[in-house]
1. I'd like the trypsin sites (Lys or Arg not before Pro) in region 1-42 restricted to DSSP loop residues with at most 13 other Cβ atoms within 10 Å, sorted by number.
2. Roughly what would the spin-label model give for Val55 and Ser9, points 7 Å off Cα along C-beta, in nm?
3. Which value at 222 nm does the chain reach when only helices count, each DSSP H run of 4 or more adding -39,500 (n - 2.57), with the total divided by all residues and rounded to the nearest 500 deg cm²/dmol?
4. Rounded to whole Å and ordered largest first, report the semi-axes of the equivalent ellipsoid of region 10-60 derived from its Cα gyration tensor (root of 5λ).
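Every read-out reported here was derived from the displayed coordinates using simple, explicitly stated rules and does not represent laboratory data. Note that the structure is predicted; figures quoted are calculated from it, not measured. Cβ sites come from the backbone with ideal geometry, for glycine too, and all protein chains shown count toward neighbours.
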Amino acid sequence: MAVPKRRKSKSKRDTRRSHHHAVLPGVTECPQCHETVLPHRVCPHCGAYKGRTIVQVEES
């Protein structure tokens, strides 16, 4: 069974882990109400998707 002969340095370990970080989701602007919304989803503020009203949202 293969066993490493030398211990990996902290630099090599951290270089491998350089992509293990939290990434914020990309947000776009709703063309109808100009609120931020996740892409390819119905706007929770106005209920529009691709220029059409899909869901009726109650005003509070």
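1. Answer by residue number: Lys5, Arg6, Arg7, Lys8, Arg41.
2. With each label placed 7 Å out from Cα toward Cβ, I get 5.3 nm.
3. Here the helix-only value at 222 nm equals -3000 deg cm²/dmol.
4. Semi-axes (√(5λ), whole Å): 39, 10, 8.
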